[in-house]
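For reference, the structure discussed in these notes is given below.
Throughout, read-outs are computed from the coordinates displayed, never taken from laboratory work. Everything numeric in this text was worked out from a predicted model, so none of it was measured. A quick note on method: Cβ atoms are made from the backbone with ideal geometry, for glycine too, and the neighbour counts reach across all protein chains shown.
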Amino acid sequence: MIRYNVPAAFGEAEYVEKRSRFIGRVWPVENEAEALARIKEMREKHWDATHNVYAYIIREGGVMRYSDDGEPGGTSGMPTLNVFRSGEIYDVCCVVTRYFGGILLGSGGLVRAYSNTAKLALDAAGTAVMGLWKRQLLSCTYAQFERVRNGVLSFGGVIEDSDFGTDVLITALLPEDRDGDFAAWLADQTYGTVTPEYMDEEFRAVKL
């Protein structure tokens, strides 16, 4: 079973500390070339910025890179990288652009500013779980709906779609290693009246 966390989407956030403006951006990326392209794009867009600090992690090959881009060593690139390392986020690129506000922040202040900006950008992007997901169709009564829905969530799945007609048709995504346990739980909870119908499976990122 392969499962790991990735950014769910692009995210952007701003943080101001003693008149210095920090702009954080986070992207999901598939490889190092894509990460480098994002960094180049930000450097060209913010050519007038004081610093364009970056960090990225690519799962394939265990690649981790960062740059302080002129800030004192250890005050910006590594703290930015650590936001993603601590959250076990992979296939991610982050650039934090700084426009100096005229007041020195000191080493501790820089670490906090870059960390906070990267965290805010990641929060804006959200996180998703990359893995093999099995899509199942569930038909239940209205009285059973909440129990079935909560069961999907408790087994680490997500509700992809719900169709409320004569009965409720639920399209659910279950982690590849939990679908069997979920089916057994469902049979027990509904006395065998609700049986998952396998539709297909897909290796993708799913936001929980």
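Ranked by Cβ crowding within 10 angstrom, fewest neighbours first, how are H46, H51 ordered?
Details: H46 16, H51 22.
With the sparsest Cβ surroundings first, the list reads H46, H51.
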Efficiency of FRET from Cβ geometry, E197 and I103, R₀ 45 Å, rounded to 0.05
0.10
Please list the equivalent ellipsoid semi-axes of the range 4-125, computed as the square roots of five times the alpha-carbon gyration tensor eigenvalues, in descending order and whole angstrom.
22, 14, 13
Among the lysines, which have Cα under 22 Å from the Cα of K134 when same-chain residues fewer than 8 positions away are ignored?
K207
Helix 179-189 sits at what angle to the longest principal axis of the chain, using alpha carbons and giving 0 to 90 degrees rounded to 10?
50
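Could you work out the relative contact order of the chain, using alpha carbon pairs under 8 angstrom and six or more residues apart, expressed as a whole percent?
Values: 451 pairs, mean separation 53.1, N = 208.
Computed value for the chain: 26 percent relative contact order.
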The extension gain from H46 to T141, computed as 0.36 nm times the residue separation minus the Cα-Cα distance, is 28.6 nm
Is the C-alpha gyration tensor of the range 1-76 telling us rounded, prolate or oblate? Criteria: a/c under 1.5 is rounded; beyond that, a/b larger than b/c is prolate, otherwise oblate.
prolate
Wrap a convex hull around the Cα atoms of the chain, take a quarter of its surface area, and give that in square nanometres.
13.8
Go ahead and run the numbers for FRET between R204 and A33, Cβ-Cβ distance against an R0 of 30 Å, rounding to 0.05.
0.90
Among the chymotrypsin sites (Phe, Trp or Tyr not before Pro) within the range 8-102, which fall in a DSSP loop and have no more than 10 other Cβ atoms within 10 Å of their own Cβ?
W47
Where N is the number of residues in the range 130-206, Cα Rg divided by 2.2 N^0.38 Å:
1.00
Nearest 10, in degrees from 0 to 90: the angle of helix 77-86 to the longest Cα principal axis of the chain is 20
Looking at the chain as a GNM with Cα springs under 10 Å, which of S107, S115, S154 has the largest mean-square fluctuation?
S154
